[in-house]
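A.B. asks: Here you go, one structure.
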There are 4 protein chains.
Amino acid sequence: MTNQDILDRLAAVVESRKPANGGDPEKSYVARLLHKGPDAFLKKIGEEATETVMAAKDVDHGGDKTKLVGEVADLWFHSMIALAHYGLTPADVVNELARREGLSGLEEKAMRKVKERERLGD
Amino acid sequence: MTNQDILDRLAAVVESRKPANGGDPEKSYVARLLHKGPDAFLKKIGEEATETVMAAKDVDHGGDKTKLVGEVADLWFHSMIALAHYGLTPADVVNELARREGLSGLEEKAMRKVKERERLGD
Amino acid sequence: MTNQDILDRLAAVVESRKPANGGDPEKSYVARLLHKGPDAFLKKIGEEATETVMAAKDVDHGGDKTKLVGEVADLWFHSMIALAHYGLTPADVVNELARREGLSGLEEKAMRKVKERERLGD
Amino acid sequence: MTNQDILDRLAAVVESRKPANGGDPEKSYVARLLHKGPDAFLKKIGEEATETVMAAKDVDHGGDKTKLVGEVADLWFHSMIALAHYGLTPADVVNELARREGLSGLEEKAMRKVKERERLGD
């Protein structure tokens with residue numbers, strides 16, 4: 001299976017956890033977050049981003065790389081819950097990444113941002 | 001795009017931007033972040049997570065979903081730069097997500113965390 | 001001067017940087033952020049929180065404490081810019097902290113949150 | 001509240017919650033965070049920063065300002081727990097803010113950063 005296959009499958013599971021699709025907040029962690037609404041899972045994105053940063057800093061000082069993998073997995077997974085809530089999929093995100101590509105494209109976009117930032121003085 | 005997975009291909013491009021692989025900080029945004037070191041790209045993870053949250057809140061109030069897709073793309077992309085720096089790949093993350101799966105598995109893990117949190121009182 | 005005196009004075013300076021009060025985005029960093037609007041300074045709060053966390057992790061590994069002080073200062077300062085935009089002041093925040101106090105009060109509130117989280121299973 | 005500065009008083013309470021000062025993780029929220037160690041309270045800083053951003057976005061759309069005050073209070077309070085852990089105080093932060101002042105000074109520093117960023121192309 002490709003990465004995309006796995007992400008698609010996960011997205012289907014998240015989709016099935018939506019309240020409208022019968023997801024049960026008492027049995028499913030994902031259903032509960034979706035049931036609570038945006039602030040619940042958006043807050044987790046901020047939290048998991050912070051945990052990713054902390055795990056990375058720990059790797060800098062000899063810590064365990066598998067923890068970092070787990071934190072990025074948590075970060076991406078909670079992103080996928082948010083995507084599902086808004087009717088979006090990981091494929092939308094990956095296609096956006098591809099669209100910006102050769103990566104030249106992606107870097108061009110980033111470079112444009114940098115230049116704009118320079119122009120605006122920030 | 002047909003034959004190779006997009007995330008793998010992006011990861012290969014990021015890999016090629018490492019200073020050790022000849023990435024040029026003057027020409028490539030990714031090479032520059034990798035050249036600057038962890039704090040530069042880890043900070044971006046925190047920043048892009050915040051921008052994801054803001055874009056999602058805007059969608060809640062009628063904003064544009066494509067902006068949200070773009071912010072999640074930025075978040076995942078900067079995660080991939082961090083992964084590359086630490087010798088990891090998006091496949092490691094996706095495989096970790098698959099490993100936790102049936103999603104049952106993934107939710108079990110989240111539920112275990114919740115229970116542990118309850119036990120510890122946080 | 002007490003902390004509060006200093007925070008009040010800083011708040012007055014931030015207030016004077018509002019576009020409506022003649023703050024000039026070309027000359028003043030604060031005026032520029034206020035001129036750009038909420039996303040600009042809210043993003044900085046996420047960014048400075050991440051930098052605070054990174055600086056703290058560095059102290060854990062022998063890094064410089066003055067850097068941590070500087071990052072918390074940046075975090076609080078950008079919070080003050082946001083407060084000003086919304087017609088609020090650091091005194092509002094400090095009074096809220098006092099209100100929750102004995103600290104008993106503050107901890108009660110946190111404990112209530114913890115209990116509620118336990119009840120909801122998150 | 002009249003005679004002693006509120007932040008100093010809060011800092012003294014936090015200090016008394018340190019394990020070394022007899023803080024009891026079973027009774028006190030602050031003692032528990034300090035007992036758990038840096039990752040526990042640093043993660044809260046990322047979380048409260050995200051909640052601050054979300055509350056601010058809600059105010060943009062007609063939401064309640066007192067919620068924003070509460071989130072900034074949470075953010076500053078958890079910063080104070082981190083400061084205490086590292087042997088620092090809110091007065092260190094406030095004095096750093098004062099030091100950068102006239103605010104001219106503070107803005108000069110921010111402007112220097114902007115210029116340096118421009119020079120480095122980020």
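The values are calculated or read from the model by the stated rules, or taken from the named source; none is laboratory data. Just so it is clear, the structure is predicted and the values come from calculations on it, not from any experiment. Every residue, glycine among them, receives a Cβ derived from its backbone with ideal geometry; neighbour counts consider all protein chains shown. Quick note on the areas: whole protein, heavy atoms, side chains included, nothing else; ligands and nucleic acids left out. Shrake-Rupley method; radii C 1.70, N 1.55, O 1.52, S 1.80 Å.
A.B. asks: Would you rank C:SER79, A:SER16 by solvent-accessible area, highest first, keeping every protein chain in place and using a 1.4 Å probe?
C.D. replies: Values: C:SER79 0, A:SER16 50 Å².
The most accessible residue leads, giving A:SER16, C:SER79.
A.B. asks: Between copies, how close do the D:ASP8 label points come, placed 7 Å along Cα→Cβ, listed in nm from shortest?
C.D. replies: Listed shortest first, these distances are 1.5, 6.4, 6.5 nm.
A.B. asks: Averaged across A:18-29, how many Cβ atoms of other chains sit within 10 Å of each residue's Cβ atom? Provide the component values of the computation, followed by the final result.
C.D. replies: Details: counts 0, 0, 0, 0, 0, 0, 0, 2, 1, 2, 6, 12.
The mean count of partner-chain Cβ atoms within 10 Å per residue comes to 2.
A.B. asks: Suppose we take every Cα in the range B:1-90 and form the convex hull; what volume per residue is that in Å³?
C.D. replies: That works out to 107 Å³ per residue.
A.B. asks: Next up: Ignoring ligands, DNA and RNA and using a 1.4 Å probe, state the total buried accessible area between D and C in Å², rounded to the nearest 100.
C.D. replies: Numbers: alone 8710 and 8570 Å², together 11740 Å².
The summed interface area works out to 5500 Å².
A.B. asks: Can you pick out the pairs among A:LYS44/B:LYS67; A:LYS44/C:LYS57; A:LYS65/B:LYS44; A:LYS57/B:LYS67 whose Cα atoms lie more than 26 Å from each other?
C.D. replies: Numbers: A:LYS44/B:LYS67 20 Å; A:LYS44/C:LYS57 21 Å; A:LYS65/B:LYS44 20 Å; A:LYS57/B:LYS67 30 Å.
From the list (A:LYS44/B:LYS67; A:LYS44/C:LYS57; A:LYS65/B:LYS44; A:LYS57/B:LYS67), the Cα-Cα distance tops 26 Å for A:LYS57/B:LYS67.
A.B. asks: Related question: What average number of partner chain Cβ atoms lie no more than 10 Å from the Cβ of the residues making up B:55-67? Before the final figure, lay out the partial values.
C.D. replies: On the way: counts 5, 12, 12, 4, 6, 10, 5, 1, 0, 0, 5, 3, 0.
The shielding value for this peptide is 5.
A.B. asks: Continuing with the same structure: Residue by residue through D:32-45, how many Cβ atoms from other chains fall within 10 Å of the Cβ on average?
C.D. replies: Numbers: counts 7, 2, 0, 0, 2, 1, 6, 9, 2, 2, 13, 8, 5, 9.
Mean shielding count: 5.
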